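The values are calculated or read from the model by the stated rules, or taken from the named source; none is laboratory data. What you see is a predicted model, and the numbers here were worked out from it, not measured in a lab. Positions of Cβ are backbone-derived with ideal geometry, glycine not excepted, and every protein chain shown enters the neighbour counts.
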Amino acid sequence: MDNNIQPYTFVLSLYIHFFESKILDIFVFGDYSKCYSLLFRAHIKKIIHIDMDAFFASVEQRDFPQYRGKPLVVGGKSRRGVVAAASYEARKYGIHSAMPGFIAKKKCPHLIFARSRFGVYKEVSQQINDIFHSYTDLVQAVSIDEAYLDVTDNKYGIESAAEVGRQIKKRILDTTRLTASAGVSFNKFLAKVASDYRKPDGITVVTPENAEKFLTNLPVKKIPGVGRVTQKKMEDMGIQTAGQLREFSEEYLRYHFGKIGSHYFRLVHLSSSDSVSPYHTRKSIGTERTFMDDVKDEQEMIEALTNITTELKRRMDKANVTGKTLTLKIKYSDFTILSRSRTILDYFLNENELLDIATELLRRPTLPVKPVRLLGLQLANLVDVSLDLFPYQMKFHFE
């Protein structure tokens, strides 16, 4: 035999011997669990979700020592102002992002309001992104302060995804003097939920062995896509946790929640195959509000649109995007849905422009003809504002 071939033949014989031993385990000893474990682990992914802790507020406390240890928000305190981020000291007073600034001030009279510095936040975000890419090229940024990483085949050859997570957290702290929380698991859903489990500055690992146990007592509000209205509907049906949600068939969930019911089913049964996509492009961004009581009055609708516009602008700023096409969604009390859209020549630059077009869409060609159950706004034809296409800086209202 050719001497050059002998080493490869030896290696091949080792592989054959290894799999023969596994087959014996299965068919001779009936150990089917080893077969499942072997096949499953051969294809398992190692996903990390990194979420910065109170990112905007933490940057301000880092750069201004007088803010440290004090309740602080980034945003405006006027009636039109909105909280973009709240420090953990502020959160103790029930203050959270998207809350109107004047309400936050009522909850905490000595609350500190800091002006946003998006240029600084973007610079820090880029430093963090560079750390991510030093470990893997499979990085999917969700917003300026969070991302998914697939570290299955990372650049350092580290077997333990938890160790990668710990190293990334340490490097972020050493480089930026900011803390991050990490979730480590075998799919994006569990990684994201896990990153929120021990905030701030925590790391939580969900393995295939403990995934079902982890889901058993997970509140349904923690499931991506479950908003306040859906949460209440689930709770009215006696579904408080992801474990309870697992008890229902996909057909049952689709009947009660529509197409997204299948999404919930796949998540809680751990059958979601959503992979980390570095080239993922967000197609639209939006928000909506469901009213406790159906609305007929025009002024009430405009007031609601004002708040919806504020929240939409906050999400745009967080995701670093703007767009050209604004769509108004109107859901009537009989659950029929109407949508109206407008595409402008340039991109939406501020909240006032969004509100002007949203109000025009509400009124033209006519005001809603039936009581309204829900209003929503969605922005499409998006672009990344960090591409130097815009000579402006996105801002919140501070006056």
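Within the span defined as the stretch 178-186, one or more residues are under 30 Å from LYS77 (Cα atoms) and either surrounded by fewer than 14 Cβ atoms within 10 Å (Cβ to Cβ) or of a type in the set (Ser, Thr, Tyr) (or both). Filtered by the rule that a residue be surrounded by fewer than 16 Cβ atoms within 10 Å (Cβ to Cβ) and in a helix (DSSP H, G or I), the stretch 93-106 gives PHE102, ILE103, LYS106. What about ALA147, is it part of a helix (DSSP H, G or I) and among the small types (Gly, Ala, Ser)? The answer is no for ALA147.
When LEU328 is tested against (1) surrounded by 14 or more Cβ atoms within 10 Å (Cβ to Cβ); (2) in a helix (DSSP H, G or I); (3) modelled with pLDDT of 85 or more; (4) within 28 Å of the chain's Cα centre (by Cα), just one condition goes unmet, and that condition is (2). Pairs meeting the criteria (first residue in the stretch 338-349 and without any contact (Cβ under 8 Å) to a residue 40 or more places away in the chain, second residue surrounded by 14 or more Cβ atoms within 10 Å (Cβ to Cβ) and in a loop (DSSP other than H, G, I, E, B), beta carbons under 9 Å, at least 6 apart or on different chains) are LEU338/PRO368; THR343/LYS324; THR343/ASN381; ILE344/LYS324; LEU345/LYS324; ASP346/LYS324; PHE348/GLY323; PHE348/LYS324.
Working only within the stretch 263-294, note down all residues that are more than 16 Å from the chain's Cα centre (by Cα), aliphatic (A, V, I, L, M) and more than 20 Å from THR230 (Cα to Cα). Hit for the stretch 263-294 is LEU270, nothing else. Identify, please: which residue in the stretch 29-71 is at positive phi and modelled with pLDDT of 95 or more and is, among those, surrounded by the fewest Cβ atoms within 10 Å (Cβ to Cβ)? Filtering first and then ranking leaves GLY69.
Residues in the stretch 361-377 that are in contact with a Lys or Arg (Cβ under 7 Å, 6 or more places away or on another chain) and either without any contact (Cβ under 8 Å) to a residue 60 or more places away in the chain or of a type in the set (S, T, N, Q) (or both): LEU361 only.
Residues in the stretch 75-92 that are outside any helix (DSSP H, G or I) and modelled with pLDDT of 95 or more were compared, and the one that is surrounded by the fewest Cβ atoms within 10 Å (Cβ to Cβ) is LYS92. Within the stretch 264-283, the set of residues being at pLDDT 90 or above and either assigned to a helix (DSSP H, G or I) or among the polar types (S, T, N, Q) (or both) comprises TYR264, PHE265, ARG266, LEU267, VAL268.
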